[in-house]
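The values are calculated or read from the model by the stated rules, or taken from the named source; none is laboratory data. Predicted, not measured: the structure shown is a model, and the values here were computed from it. Because the Cβ atoms are built from the backbone with ideal geometry, glycine has one as well, and the counts that use them run over all protein chains shown.
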Amino acid sequence: MNNSPVFQLPEVLTHDQARAVVTQVCNLARTQPTLQIDASKLTQFDSSALAVLLAGLREAAQQQHVLQVTGLPAKALALARVYGVQDLLHLQS
């Protein structure tokens, strides 16, 4: 996916920002055959960040597109494990 578009998640992604970010992610997932979500700049987040990623993956799957999440911080990865969505997000330990 080296030539695929990259969407950079913001540093802060909590409930307050989730609606706007999910709209952007889903629009891109709908229109781009491949999309990379770069989560490396996330510093402040809650479970809403995972919900945004899951919505993007669902939208991409409905279009038979590919969405890849990279750079998820360790604390977000731990949160994904707690909620049992690590495998859904295709995240590595």
Qualifying positions in region 28-52 - more than 19 Å from A80 (Cα to Cα), in a helix (DSSP H, G or I) and under 13 Å from the mean Cα position of the chain (by Cα): L28, A29
How about region 71-90: which of its residues are surrounded by fewer than 18 Cβ atoms within 10 Å (Cβ to Cβ) and either within 23 Å of T31 (Cα to Cα) or among the hydroxyl-bearing types (S, T, Y) (or both)? G71, Y83, L88, H90
Out of Q32, Q68, sole residue that is out of contact with any helix residue (DSSP H, G or I) (no Cβ under 7 Å at 6 or more places or on another chain), at pLDDT 95 or above and buried (at least 16 other Cβ atoms within 10 Å of the Cβ): Q32
Qualifying position, being touching a residue at least 40 places away in the same chain (Cβ under 8 Å), buried (at least 17 other Cβ atoms within 10 Å of the Cβ) and under 18 Å from P10 (Cα atoms), among A55, A49: A49
Collect the residues in region 67-91 that are part of a strand (DSSP E or B), in contact with a Leu (Cβ under 7 Å, 6 or more places away or on another chain) and of a type in the set (V, I, T), keeping them in residue-number order. V69
